[in-house]
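Single-structure report; data block below.
Quick note: the coordinates plus some simple rules give every number you see, no bench work behind them. Just so we're clear, the structure is a prediction, and the values are computed from it rather than from any experiment. Note that each Cβ is placed from the backbone with ideal geometry, even for glycine, and that neighbours are counted across all protein chains shown.
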Amino acid sequence: MLGIKRLGLLAALVLVGVAPAAAAQAAAQPSTQDTQYLQAVHQVNLFEITAGDLAQQKGQDQGVKDLGAMLKTDHTQLDQTVQQTASQLGVELPNEPSADQQAVIDKLNNASGAEFDRLWVTSELAGHVQAIQATQTEISQGSEPSVVQLAQTALPTLQAHYDELVQLANKLGIPVPQTSASGTPSPGGTGTESPAPGGTGTESPAPGTGTESPAPGGGTTETPAPSVS
């Protein structure tokens, strides 16, 4: 009888230990903002790795080839952190770029020579504007510390890429897309609205312009949270 009581007490203690653990696990689930950012930035990395390869293979200007190699290296390294963070948080990542990103890749595959260089630089500029905006949104609105830290680490790299792309565009005489009331210029440089990484369109100003842009770590922005197509 005493043995049965001891077993019952042990079972109760086990349950008491399990309940807080289960509650802690439930509380650790990342927010929709954090989840969507991880998924979107992973798709950005998949796109950049592929586009970097294409730049090295098809670029006519050596600057395009060199910058493509740098973007591939940096986004490969960034994606390692993204995958580790997502794994720790139980976030499932997409296994391919978004439909819009794949459409740009298809255009790049069909272009050559100076046309390829122009399309690559223009699409990279637009893509980095969108990635920076999504990253700024995560910094200001994210709630999971590990994801916010990832965004804070990624932002200077993305900004450096954008600055390099602007310099290359100026060197090649390629117009730098500017944002407008209608939204971020599309990869074709048409000025039409283009989706943010993984999803909806944005209307935030491009990095480096004189218009107001949300500061890292600042207040709530109006930039839509990244979503996955």
Original post:
For labels at Q178 and A160 in the simple 7 Å Cα→Cβ model, what's the distance in nm?
Top reply: 2.9 nm
Original post:
In the range 30-147, if every C-alpha pair distance is counted and binned at 10 Å from zero, what percent goes to each bin?
Top reply: 14, 44, 29, 12, 1
Subject >> Inter-probe distance in nm under a simple model that places probes 7 Å from Cα toward Cβ, at A103 and A69 >> reply: 3.3 nm
